[in-house]
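To keep things clear, I will list the structure first and then write my remarks on it.
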Amino acid sequence: MVVNLESQNQLLLDVGKRLKRKIECYAIGGSAMIYHGAKKETKDIDIVFLNENDQKEVVSILKEFGFKERLTRLVYIKRLEHLKKNSPIMLEKDEFRIDLFNKKVICFYLTNSIENRVTDLLEFGNLFFKVISPEDIILLKCATERAGDRIDALELIKLFNINWKIIIKESLEQTKLGENIFPVYLYDFLLELKEDLKAEIPSSVLKELLKISEEQMIKKFRK
Amino acid sequence: MNQSQTLILEGLNKIEEIQKKLKIKRATAIKYMHLLRKKGLVKTIYGKDKKRFYRILKVKKPIVGNESFYHIINRYSPMKVIYGPDYRVIGKKIGVEEAIVRAIDTKHPKIILAGLALFNHVKNWPLLLKFAKVYNVRRKVGALYELTRNFMKVRRIDKRTLNSLLKAKNEPKFIVDNFKSKDFKNIERKWNVFLPFNKVDILEYEQWW
């Protein structure tokens, strides 16, 4: 079950042509990496919508195409189990697997700064598909923590000049919005990448993240 | 040339800078650019006095779909517009006629002003009318066409299209919200829309020629 650039474009174009009004959505994860040229194929297409109506409209069109809802597997790590109600709508048909999120991806919110950093805008009929930046893909990979996510993040670090300041700033922004201390997860994630997969992450970034994480944890426990 | 060398060179470089960064001869640097271009990792941009600048990429980004209306405006208009993300249209090719209407639909004065130059490149007036109908901007298209004719050489629109543009009903009056013209009242009255430009804006536009 793999999706490549051509099949992804064709599916999105079919959806876009069926839509009666303009809908904006965001490509994250593997499908965004395909548009960045960092990957040739992905297991699933991950899309984030800004509101539920847009999500429902696209889901109904995909169901008309023969897509069926599949049971949400517990792909999240234990600390996020309480967020199961925010789990995405997952559809599949033949080689396609599509995860459709609404505003939030597990514990990660789609903020204005992420919208401002969008690198590509693709117009598929009435479907406006925005591709998020490599920095934000790494942050999302940290939020989902699935099997292949570390390898994808490593590939992004290898291929792009990652602006670590953006990543640290956004992790703090996410902490403000959500109930999780995001810099702690990010520190864990990046440390593993550096130690196990030998990713080129500057030590200063890890030091700064550790410092922020400690501060944030103290703040959280004081509350 | 290995990946770490490409990493050092990523971004915009002159040939002298490449020589300096890699500590190589000029001829070798040119050869490297040739090899990278073959891989699709270099784009040459010409600066002042036809000086070559090489935009070097680490990853070959797939080019999907066709150009957006921003590209069309920048191709034909002396006044250029910048749009943040790389905007591509998949499944269709946008022409001058659609680009005019899409520019008006943005409701952004600079984009509309830059888009005025496209009127001189319209070949299919009925197609312009068709798109104007879809976006419900027929009167706006007509008013902007007439405004453009005042200061720029523009092809003559056929009468049938002009009349159809004038017949439009129930269209919002503002091209750009809350923007009215002080200098082109006659055009505004004829087309029953508010133009977002004054003579000063047109003078600014003429500077670009």
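Values in this text are rule-based calculations from the coordinates and carry no lab data. What you see is a predicted model; the values in this text were computed from it and never measured. Ideal geometry is used to build each Cβ from the backbone, glycine not excepted, and the neighbour counts take in all protein chains shown.
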Once both axes come from the Cα atoms, what is the angle between helix B:26-38 and the longest principal axis of chain B, in degrees from 0 to 90, rounded to 10? 60
Which residue fluctuates most in the GNM of chain B (Cα springs below 10 Å): B:N186, B:N124, B:N13? B:N13
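R0 = 22 Å: FRET efficiency of A:E92 with A:K40, Cβ-based, nearest 0.05? Before the final figure, lay out each step's value.
Working: r = 21 Å, r/R0 = 0.94.
My answer for the efficiency is 0.60.
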Contact order normalised by length for chain A, with contacts defined as Cα pairs under 8 Å and 6 or more residues apart; what percent is it? 20
Checked region B:81-209 with the C-alpha gyration tensor, a ≥ b ≥ c its square-rooted eigenvalues, rounded below a/c of 1.5, otherwise prolate if a/b is larger than b/c and oblate if not; verdict rounded
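Using the crude model of +1 on Lys and Arg Cβ and -1 on Asp and Glu Cβ, and no other charge, please compute the dipole size for the protein assembly as shown relative to its Cα centre, in debye to 20.
On the way: 86 positive and 54 negative charges, 383 e Å.
Dipole magnitude for the protein assembly as shown comes out near 1840 debye.
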Once you place label points 7 Å from the Cα toward the Cβ at A:E215 and A:K104, how far apart are they in nm? 2.6
Label B:K107 and B:K185 with points 7 Å out from Cα along Cα→Cβ: what is the distance between them in nm? 2.7
Any idea what the relative contact order of chain B is, in percent, if you count C-alpha pairs under 8 Å spaced at least 6 apart? 14
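Counting each DSSP H run of 4 or more residues in the protein assembly as shown as -39500 (n - 2.57), what helix-only mean residue ellipticity at 222 nm follows after dividing by all residues, to the nearest 500 deg cm²/dmol? Provide the component values of the computation, followed by the final result.
Numbers: 20 runs with 212 residues, N = 432.
Calculated at 222 nm, the ellipticity per residue is -14500 deg cm²/dmol.
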With r defined as the distance between the Cβ atoms of B:E204 and A:N161 and R0 fixed at 35 Å, what FRET efficiency is calculated, to the nearest 0.05? 0.40
How big is the dipole moment of chain B about its Cα centre under a simple scheme where the beta carbon of each Lys and Arg is +1, that of each Asp and Glu is -1, and everything else is neutral? Debye, nearest 20, please. 740
Top of B:R52, B:R149, B:R102 by mean-square fluctuation, Gaussian network on chain B, Cα under 10 Å: B:R52
Note: the protein assembly as shown at 37 °C, 0.692 mPa s; Kirkwood Rh on alpha carbon pairs; Stokes-Einstein D in µm²/s works out to 132
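For chain A, how big is the tail of P(r) above 31 Å, as a whole percent of Cα pairs? It would help to have the intermediate numbers written out before the result.
Values: 4893 of 24753 pairs.
For chain A, the share of Cα pairs beyond 31 Å comes to 20 percent.
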Work from the charge dipole of the protein assembly as shown (Cβ charges, +1 for Lys and Arg, -1 for Asp and Glu, about the Cα centre) and give the residue of B:V64, A:L177, A:F49 farthest towards its positive end. B:V64
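Treat the count of other C-beta atoms within 10 Å as a stand-in for reagent exposure and order B:V42, A:V131 from fewest to most. Could the numbers behind the result be given before it?
Details: B:V42 19, A:V131 23.
Ascending Cβ contact count within 10 Å gives the list B:V42, A:V131.
Taking only C-alpha pairs under 8 Å that are 6+ residues apart, what is the relative contact order of region B:3-56 in percent?
Details: 56 pairs, mean separation 22.3, N = 54.
Computed value for region B:3-56: 41 percent relative contact order.
Taking neighbour counts of Cβ atoms within 10 Å as a proxy for exposure, in what order, fewest first, do A:F128, B:F53 appear? List each step's numbers first, then the result.
Values: A:F128 17, B:F53 14.
Ascending Cβ contact count within 10 Å gives the list B:F53, A:F128.
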For B:R156 paired with A:S204, estimate the spin-label separation in nm (one decimal), with each label point 7 Å from Cα along the Cα-to-Cβ line. 6.8
Looking at chain A as a GNM with Cα springs under 10 Å, which of A:G30, A:G125, A:G66 has the largest mean-square fluctuation? A:G66
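Which order do B:T28, B:T148, B:T44, A:T42 fall in if you start with the one that has the fewest other Cβ atoms within 10 Å? Each step should come with its number before you reach the end.
Details: B:T28 14, B:T148 19, B:T44 10, A:T42 22.
So the ranking, lowest neighbour count to highest, is B:T44, B:T28, B:T148, A:T42.
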Looking only at the protein assembly as shown, where both bridge partners belong to it, what percent of the DSSP beta bridges are antiparallel (to the nearest 5)? 65
Report the one residue of A:L206, A:F221, A:N163 whose Cα lies farthest in the direction of the positive end of the charge dipole of chain A (charges on C-beta: Lys and Arg +1, Asp and Glu -1; origin at the Cα centre). A:F221
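If the only charges are +1 at each Lys and Arg Cβ and -1 at each Asp and Glu Cβ, what is the size of the charge dipole of region B:77-163 around the Cα centre, to the nearest 20 debye?
Details: 19 positive and 6 negative charges, 49 e Å.
About 240 debye.
Enter the mean number of other protein chain beta carbons within 10 Å of the beta carbon of each residue in A:155-167, as an integer.
1
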